[in-house]
1. What's the total number of residues in region B:494-534 that are out of contact with any Gly (no Cβ under 9 Å at 6 or more places or on another chain), without any contact (Cβ under 8 Å) to a residue 60 or more places away in the chain, facing chain A (nearest Cβ under 9 Å) and not in a helix (DSSP H, G or I)?
2. Going through region A:43-98 one residue at a time, which ones are over 13 Å from A:Leu22 (Cα atoms), acidic (Asp, Glu), touching a strand residue (DSSP E or B) at 6+ places or on another chain (Cβ under 7 Å) and in contact (Cβ under 8 Å) with a residue 24 or more places away in the chain?
3. Checking A:Ala561 against (1) buried (at least 21 other Cβ atoms within 10 Å of the Cβ); (2) out of contact with any Lys or Arg (no Cβ under 8 Å at 6 or more places or on another chain), only one condition comes out false. Which one?
4. Which condition does A:Pro62 not pass, out of (1) within 14 Å of chain B (Cβ to nearest Cβ); (2) buried (at least 18 other Cβ atoms within 10 Å of the Cβ), if it passes all the others?
5. Of the residues A:Thr195, A:Thr181, A:Thr209, only one is more than 9 Å from chain B (Cβ to nearest Cβ), of a type in the set (Ser, Thr, Tyr) and out of contact with any helix residue (DSSP H, G or I) (no Cβ under 6 Å at 6 or more places or on another chain); which?
6. Filter region B:385-395 for residues that are surrounded by fewer than 24 Cβ atoms within 10 Å (Cβ to Cβ) and touching a residue at least 40 places away in the same chain (Cβ under 8 Å); which is nearest to the chain's Cα centre (by Cα)?
7. Could you list, in sequence order, all residues of region A:644-667 that are out of contact with any strand residue (DSSP E or B) (no Cβ under 6 Å at 6 or more places or on another chain) and basic (Lys, Arg)?
8. Can you name the residue in region A:41-54 that is within 11 Å of chain B (Cβ to nearest Cβ) and either assigned to a strand (DSSP E or B) or on the phi < 0 side of the Ramachandran plot (or both) and is also surrounded by the most Cβ atoms within 10 Å (Cβ to Cβ) among such residues?
Amino acid sequence: MSDELVTLTIDDKEVQVAPGTLIVDAAAAVNVEIPIFCSHPKLDPVACCRMCLVEVEGPRGPMLQTACSVPVREGMVVHTDTEQVQATQEANLAFILLNHPLDCPICDKGGECPLQDQTMRFGPGISQLVEPKRHKQKDYHISDTIVLDQERCIICWRCIRYLEEWEDKPQLALFKRGGATLIDIQPGQPVDAKTGGNIIDICPVGALTSKVARFGFRPWQVERTPSIDPHFSTGDNIRIDTRTYAIRRIVGRENMGVNDQWIADKTRFAWAWVNSDERLTTPLVRKDGELQPATWSEALQAVTDGLKRVKERQGADAVGGIGSAKLSNEANYLLQRFMRQIVGTNNVDHRDGGDVAALSTGIPSLAAVMQPQYGPPPQYDVIMLVGVDPSEEAPILDLHIKRAVRRSGTTLVIAHPRHIELTRYPGSYLGYRPGSEATLLNGLARMALAVKGEENQTVSQLTDDATDERLLNLCGVDPEAVEGAARLLVEAKNPLILYGPMAAQGATGEQVRNGLTNLAMVLDCYENLGYLGLNANSQGCRDVGVLPDALPGHAPLDDEAARTLLAELWGGELPTAPGKTYRQMLDAAGDDIGALLVMGADPAGERPEWAANLAQLDFLAVQELFLTDTARLADVVLPAVSWAEGDGTFTNCERRIQRAPKAVSNPASKAAQDWMILDHIAAHMGMQWPYASAQGVLEEITTAIPAYAGLDWTALGDQGVQWNAETVRPRPAYRRCRQDDLPAAGEGELALVTGTVAYDGGTLFRLTQAMRDMIHAAAVTLNPDDAAQAGVKDNDAVLVRSAHGELRLRAAVSEEIEPGTAWIPESLPGAPVGALLNGREQEFVTITPQ
Amino acid sequence: MSLPADQELIEQWRGEPAPLLPLLHAFHDRDGYLSDHALRLIAPALGIPLADLYGTVTFYHHFARDPRRTQDAPRVCTGPVCRLHGGEELLAALAHEGATAMPCAGRCDDPVPVLRGHEVLIGASPATMTAPPPRLPSPNPGGREECIFAEIRTPDRATLAGYERTGGYAGLTRALDEMTPQAVIRHVRESGLAGRGGAGFPTGVKWRAVADAEGQPKYVICNADEGEPGCFKDRVILDFDPHAVIEGMLIAAYATGARAGFIYLRYEYPQSQVILERAIEEAYAAGYLGEHILDSGFHFDIYIRRGAGAYICGEETALLNSLEGKHPFPRNRPPYPVTHGFEGKPTAVNNVETLAAVPQILRREPSWYQNLGLGDIAGTKIISLSGDVQRPGNYEVPFGLPLQTLLYDWAGGPLPGRTIQAATMAGLSGGFLAGDDLDVTLDEPGVRSKGSFLGAGGIMVFDDRRDMRAVTHNAIAFFAHESCGKCFPCRIGTQRLTERLNGGGPADAAAWHAEVADIAFTMKETSACGLGMAAPAVVESFVRYFPDQVAGKR
């Protein structure tokens, strides 16, 4: 496509636009509004509603053409306001309204409805209707969360097109024909796309409504707060609509650097927990063995006493702090400041923190993966995923990847122990045995070098363990498949490599990260290596130093410049000895660790063993929204507020710092923001911090972290700002990547595969009534061959046993699970897979029918 | 013989071009209906999303989805002419067999056709139903020189031997031996041949565009989805002169550089399919189809694809979507099929009659065809004449022939004691002509000067006995039934006009007229394809010519 702009005239205004621009968009560029229904700026045109007909001058006089489907031409002359155009607009609207039920008073869309708006603006103002309207299904549930009103539907197909063009899950279609035409699901197959709720936002009438939000708001009565999603690490932009101290709905908000305008269903629908009756509203202090309501001063004093007692008795390093990647930068920053400055220990970490070999720089950029409807193509022609499942872990990234594959020809190389959903696209799939990542990566690097035909002594030596035989036996992967994947990567112009916490945790995590780095260097794409965390603030939690071995800004503990900066900022000395990681603290709880301050984490729910350890602690304080398993064990429970109830910033996986301002509050609750709770504990311990607000904490962060310099609340705006990766990116260097042989599976043993699913049994999901049936069942999924071997059928009750523990689950049988493995996601309702784990890279389980 | 298994059917069609329709027909023929089980097998086999497949299947009226109403249940023609001959009564008489109504089945000269599975029966009552052979066009009553029908009355013209004996494949041989593709296109262009499916686009210009378009492979498609009520000309050509169509496609393919072609045949013509299949087989055996045709470097294959009961599939872009297994909605244009046709490749879509004329033209000089017309318009047109005239049938008329000559001299005029009240144009799409407007020459400029158009050339005659309001109501109900539902004005407008002809609308006459005019205006101005633009014509012309009948019945 040529870069030269096309010049045309619309209503006597000259406009210059890129070739290929549609008339409707060119008109918008000069503030000429052309009414539309079926057309949508993010979807391919279909030109079925005929609302956008405009006059285009041609050799045979002016002709009516659909502005939504006709691209501009040089010298084109368009009129949008002639009598002829107005007559067709009026006529068209009159037609659309004929069968529309006009139940606007009870329609969620009323007040923000394009059909209403256009009827006011372009309509004839009289009704021709005399016959009864046509009746169709009005309360038709096309999924657990989406209701279709076929009477309101004007059959514009936006919903069909969204599911086809973005989700690649065409679960809605046109049925029958002519006047009988309906939009419907295929019988018995509800819409289950993980971002399907976006069709509600783009419906131009009230035909699609949200089951969790409908009848709960009027658009003109809600207060609208621009915010971000609290679930996923992509930081999808949302708008929270509230009224009378309650969230009424959450909708998507456009950010072309992050989520286009789409959000995940979990984001849109799973917010009932915010207004839940189960929320903690008052501090609790353990008295006579029971947690009992207390005042804030009682509770804060109890925390002070408990922490001081343990510190005095066992030393500062017997105290630990656990932060959370689900909480804001401000809360996490103050937690590590509290632990380092006031307690005097580096025992501060979060789940997937020090136990995972992440990258300080996250992923390069979401925009570089995106293929918007109109805009530049993605920058990557090959995307490699190592131990990452975007469909479950980051649905919007999943959407971007699918779009890149289908519209821009991006190829996927997927290394994952499970046949993840994205393996449905052509490319390369390496189904490795969990724990064998390091060897697999060495194999890829070795073969990439061979495909390139290059000599590199260092790489050859570093990767000489990854023989064909070892790939086959240790990784369980066909060496030819590895070579095929290597070839795709080598032949790529610009490959992207993403990995997740599952691939690089525990003792070999460091080796895996080295292996990834080596591979990226062999492929000349070192800067395209990215780490994708799981939570909304996985990146920010690391940025602000909730790590046992790093200060804010990813500075090592012995980094003199950072130490000096922080010492000046905070006053006093910083501890020097590395702290314990999340797992180390929990393993040592009740032993070397005597007291823990846990903020927004539930390790007791994660692993029964840790629950037992936590019960042995001298002192446990928990800042929480709910009375979690961990909170139940606490000496003091401090009620906190959610992301929607206080100001905070979150840093997404591409280092974009974004604001989540306070959108709602509960006046009956005594709960407080996490940063403020920490500020008060500090005050009780004799340290007056200078913060008046979350913005004040952010102000300090912008000083404490050089990469955040200048990025205060105002500077971030509504779209956030990315910090510059080059400020912390380590210099590229080949590093050692080795692993020992893994134990072979015994008779009847299956390698356990675990990981995250979007619809788990966690509190933030299960409290949404409408989505309860969507929660991943408490089940172990295994390959049909293994199921036959174990004498297990689909839905049988089974006992799953590891060397470490056991779980009672249902069996699910699926081809998508590799032979020799068993898949049990984390956070299943009442069935913590942690019961089977003991921190090893690989765990084997046996499955027996009950 | 045992019925083919699911997998056999799927394997038979999976690798074929345009496999969806034949695969659906295969399951439908085997089971008598399309089961959920079949759809769930077909969708993954052809890579079609399940919801899309369900939606698409429900679009076609031929496919039964209910095991109790199988494809052997009779379908009775209730087209405009068959209604005059007891179509509705026959439908009622066959109700106990689960009979359903079928829009015009293309046998208006031989009412009333009943389709039972793959068999076509004719009769006015269940007792008299027989399966007669199709009717040959009678010799040209005006003694005019013909093009398409010139040899059609030769016995065994439908066989290869008979066809060759009467000059068959001489046009192809001449093209391959003596002419470049460019020369063929020039020849056709100079002849003035234009699209006979109704649009009248110059054939040579279309072929030129396909030949020049980028992209391979290219395709030639014969549009044999003759769905326009009152049109049965394509069927007669297919039944009596199938090789002419094949030869026409071959010449089109040679001219445009196409490697493969489809004949999209409406499902109501099962006999024509048998005849065509036999002719194609003969042509392959004789080296007219396949590789190295007539020992040249030219290769061409033809596939027959059977429609499934949807008028809109005669619209060329809907036809393309239907072939591709998509929801058969018309596409937005541009791009046009000449550059983005079947599977996005350059495609020439030509009507049966157009293609049948090509071999005759290629055998001769362009001026011969030019001069067949009486006036400025080149060539001839087959008119399917039916209804209340003494000798209904297909007539090849020179462009410019007065309609009155056709009606009175050629077809014998109205039945004894009757007078002609109205005649439709372009099947139903052109609406009615009546009174003095019947004084018109049969060519587009002539018919258009009366506010109608000649189109595909179906003319249905209604004499003074007929209730024109009822005829109009049935006509607009047909368009509502066949509207695809894609564009709003057609979907809604056809319904609303039907309701207005059915006693609906404002009680006040002036308001009623204003509203009908409004609806018609919207449809004509804003519809996306010809169906919606043309559909109001029957209502408008009825209101214009028969104001008394409007008032009388309301």
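1. So the count comes out to 4.
2. A:Glu55
3. The failed condition is (1).
4. A:Pro62 satisfies all of (1) within 14 Å of chain B (Cβ to nearest Cβ); (2) buried (at least 18 other Cβ atoms within 10 Å of the Cβ) except (2).
5. On the way: A:Thr195 fails: out of contact with any helix residue (DSSP H, G or I) (no Cβ under 6 Å at 6 or more places or on another chain); A:Thr181 fails: more than 9 Å from chain B (Cβ to nearest Cβ).
Answer to the selection: A:Thr209.
6. Looking only at region B:385-395, we keep the residues that are surrounded by fewer than 24 Cβ atoms within 10 Å (Cβ to Cβ), and these are B:388, B:390-393.
In the following step, the residues that additionally are touching a residue at least 40 places away in the same chain (Cβ under 8 Å) were identified as B:388, B:391-393.
On the way: B:Asp388: 22, B:Arg391: 22, B:Pro392: 18, B:Gly393: 16 Å.
Top of the filtered list is B:Gly393.
7. A:Lys662
8. Step one: list which residues in region A:41-54 are within 11 Å of chain B (Cβ to nearest Cβ), which gives A:44-53.
Next cut, either assigned to a strand (DSSP E or B) or on the phi < 0 side of the Ramachandran plot (or both) only: A:44-46, A:48-49, A:51-53.
Working: A:Asp44: 13, A:Pro45: 21, A:Val46: 23, A:Cys48: 28, A:Cys49: 28, A:Met51: 30, A:Cys52: 28, A:Leu53: 26.
Restricting to residues being within 11 Å of chain B (Cβ to nearest Cβ) and either assigned to a strand (DSSP E or B) or on the phi < 0 side of the Ramachandran plot (or both), the top hit is A:Met51.
The values are calculated or read from the model by the stated rules, or taken from the named source; none is laboratory data. What you are looking at is a predicted structure, and each value in this text was computed from that prediction instead of being measured. Cβ sites come from the backbone with ideal geometry, for glycine too, and all protein chains shown count toward neighbours.
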